[in-house]
Amino acid sequence: MDISTQNPTSPPTPQPTEAEAKRAARGATRPGDRIFVGLSRGSGIFVLVLMGAIAAFLTYRASIAISKDEANFFTSFEWNPAGVPPEFGIAVLAFGTVVSSIIAMAIAVPIAVGIALFITHYAPRKLGGTIAFVVDLLAAVPSIVYGLWGVLVLVPHLNGLYGWLDTYLGWTGVFEWSGGPARSLLAVGILLAIMILPIITNVSREVFRQVPRMHEEAALALGATRWEVIRMSVLPFGRSGIISASMLGLGRALGETMAVAMVLSPTFDINASLLDAGGGTFAQNIASKFNEASPMGRDALIASGLVLFVITLLVNGAARMIISRRKEYSGANA
């Protein structure tokens, strides 16, 4: 029909009001939707309240300990909260926690990304599924089992590696070895790398599987090799996912307790060499001293736990920020 023949006086279609549109968008007219929205909102508020309660408790107990500390809490190498006057600080714990986590990340991230790429782009389907299953099993192993394996298997077999590092890199001072037991920060870093490997591998693998197929096919059509496809299409798309996975693994490494306590030979000093026994971490120090600590000692341990709590929150918050900016980091829209 010609447009000119249509009735110009036909009434226009009624449009919903702004309030009605908002209610429809929120699903406010359905009881089930209202219940679901309420439960979701309540769960989120509960988590925030719980985190706030934990932070308030740690801050309160930490303030009691720090107010009585005669040393500088952030720079002191002493840990004697039961002394008169009490003196304690977190310098050694912060150093050990950061160094062991950096070692773990330096070892685990390249290996985990390589495993994820092999599973998703190189391995046959059955082999890739088997490797993925084995990696998932690593994530299910308890920390205490890792600790036992580290003490009974890993540490005795590190002497050869330590000797080689001392022979060729001992001049740096970082890899100088005095010949003592291999219960050092390097051993802890290696053990932590094995523990966080499944986390980084699984997240990276799922990110690589989300790469648009058209991107890979376009690169192949232009004559790119498989590695060039990965370099130009897969890695740019999964960059934010790799960073987020690494930060999640870092959060696990920062807070690991039992395995570190079993492997590390703790001392309250900072060694320039990563191979000599000694050092400490926040979680290891709390686990080993909490049961026998005096009331003042427990407040001091809680104060160190507050520092670890803040560091972990910052790491996980940074991971969430990177995830929220995924489109900006990826090459999906390029």
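Things to note:
- Each residue in segment 193-225 was checked for being at pLDDT below 90 and basic (Lys, Arg), and 2 pass.
- Checking the stated criteria, Arg61 turns out to be surrounded by 13 or more Cβ atoms within 10 Å (Cβ to Cβ) and at pLDDT 90 or above.
Residue-wise test of (1) touching a residue at least 24 places away in the same chain (Cβ under 8 Å); (2) touching a helix residue (DSSP H, G or I) at 6+ places or on another chain (Cβ under 8 Å); (3) over 30 Å from Tyr146 (Cα atoms); (4) among the hydrophobic types (A, V, I, L, M, F, W, C).
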{"residue": "His215", "(1), (2), (3), (4)": "yes, yes, yes, no"}
{"residue": "Leu222", "(1), (2), (3), (4)": "no, no, yes, yes"}
{"residue": "Thr225", "(1), (2), (3), (4)": "no, no, yes, no"}
{"residue": "Val234", "(1), (2), (3), (4)": "yes, yes, yes, yes"}
{"residue": "Met247", "(1), (2), (3), (4)": "yes, yes, no, yes"}
{"residue": "Gly251", "(1), (2), (3), (4)": "yes, yes, no, no"}
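- Filter pass, Ile119 being buried (at least 20 other Cβ atoms within 10 Å of the Cβ) and out of contact with any strand residue (DSSP E or B) (no Cβ under 7 Å at 6 or more places or on another chain): yes
- If you go through segment 67-109 and keep only what is under 26 Å from the mean Cα position of the chain (by Cα) and small (Gly, Ala, Ser), you end up with Gly89, Ala91, Ala94, Gly96, Ser100, Ser101, Ala104, Ala106, Ala108.
- Criterion applied to Val188, Val151, Val155, Val174 was being assigned by TED's automatic domain parsing to the domain that holds Ile270, aliphatic (A, V, I, L, M), in a loop (DSSP other than H, G, I, E, B) and out of contact with any strand residue (DSSP E or B) (no Cβ under 8 Å at 6 or more places or on another chain), and the one residue passing it is Val174.
- Identity of the residue in segment 116-155, of a type in the set (Ser, Thr, Tyr) and within 24 Å of Val263 (Cα to Cα), that ends up nearest to the chain's Cα centre (by Cα): Ser143
- Criterion violated by Ser63 - all others in (1) in a loop (DSSP other than H, G, I, E, B); (2) farther than 30 Å from Ile190 by Cβ; (3) of a type in the set (Gly, Ala, Ser) satisfied: (1)
- Hey, Asn202 in a helix (DSSP H, G or I), surrounded by fewer than 22 Cβ atoms within 10 Å (Cβ to Cβ), touching a residue at least 24 places away in the same chain (Cβ under 8 Å) and on the phi < 0 side of the Ramachandran plot or not: yes
- Restricted to helices (runs of 4 or more DSSP H) entirely inside segment 232-310, those with at least 1 residues that are surrounded by fewer than 21 Cβ atoms within 10 Å (Cβ to Cβ), among the polar types (S, T, N, Q) and at pLDDT 85 or above are 282-289.
- Any chance Gly173 is in contact with an Asp or Glu (Cβ under 9 Å, 6 or more places away or on another chain), more than 19 Å from Ile107 (Cβ to Cβ) and not polar (S, T, N, Q): no
- The one condition in (1) in contact with a Phe, Trp or Tyr (Cβ under 6 Å, 6 or more places away or on another chain); (2) farther than 23 Å from Val155 by Cβ that Ala259 fails to fulfil: (2)
Table: residues versus (1) under 20 Å from Ala55 (Cβ atoms); (2) small (Gly, Ala, Ser).
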| site | (1), (2) |
| --- | --- |
| Ser244 | no, yes |
| Met247 | no, no |
| Ala253 | no, yes |
| Leu264 | no, no |
| Asn285 | no, no |
| Ala293 | no, yes |
| Ala300 | yes, yes |
| Val310 | yes, no |
| Ala318 | yes, yes |
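- For Ser43, the requirement of being assigned to a helix (DSSP H, G or I), modelled with pLDDT of 85 or more and of a type in the set (Ser, Thr, Tyr) is met.
The values are calculated or read from the model by the stated rules, or taken from the named source; none is laboratory data. This one's a predicted model, so the numbers in the text were calculated from it and none came from an experiment. Don't worry about glycine lacking a Cβ; one is built from the backbone with ideal geometry, like all the others, and counts go over all protein chains shown.
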